[in-house]
Structures are given as structure tokens and as C-alpha cells.
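Asks: Before I ask anything, let me first share the structure, which is written out below as C-alpha cells.
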Amino acid sequence: MKLGPFAAQDFAAISTLGLEFAVAVALGTAGGYWADVHYQSAPWGTVIGVLAGFALGMYIVVRQAQRMSAAHPTEKTK
């Protein structure tokens, strides 16, 4: 499987994926913690928030991978 070459904007997109994933998990965790504090549901709000943030982060990564794959179609080999 050929992994390159990538354009300069592809490197920018790849380098931001980790940050986008971390922000999604952090926001999910913060939202879950907020729910725990306001509804006295500890630790379930935080657990659900972390899982939701992780799912959102994975969605972002997969969506970006699909976009990059569509922009650079691979060569079919026999």
C-alpha cells in the first residue's frame, strides 16, 4: 500500500487530527463531569461523556481519512 506522496495541506490536516481527537474527548469529559455535578450522577455522567467524546473523536478521524483517501485515489494493481 502506497502512503504518499502527500500535499502540504495533507500534512496540516494530519497534524491536527490528534488535537481534534483530544479536544473531542476533553469536551465530552467536561460535559459528563458537569452532568455529574448538577445531577449527582457520579460517575456515570463522566463515563458517558468520555465514551461520547471518544466516539466523536473517532468519527472525526475516520471522516478525515475518507476525505484524504477520496482526494488521492490509490492505483489498482493486478
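Asks: Could you give each residue of the range 19-28 its phi-based ³J(HN,Hα) in whole Hz, using Karplus coefficients 6.51, -1.76, 1.60 with θ = phi - 60°, and x for Gly or Pro?
Replies: These are the phi-based 3J(HN,Hα) values: 5, 4, 5, 5, 5, 4, 5, 5, 5, x Hz.
Asks: Same structure again: Classify the range 14-69 as rounded, prolate or oblate from the Cα gyration tensor: take a ≥ b ≥ c as the square roots of its eigenvalues, call it rounded if a/c is under 1.5, otherwise prolate when a/b beats b/c and oblate if not.
Replies: prolate
Read the figures in this text as sums done on the coordinates, not as results from a lab. Note that the coordinates shown come from a computational prediction; the quantities given were computed from them, not determined experimentally.
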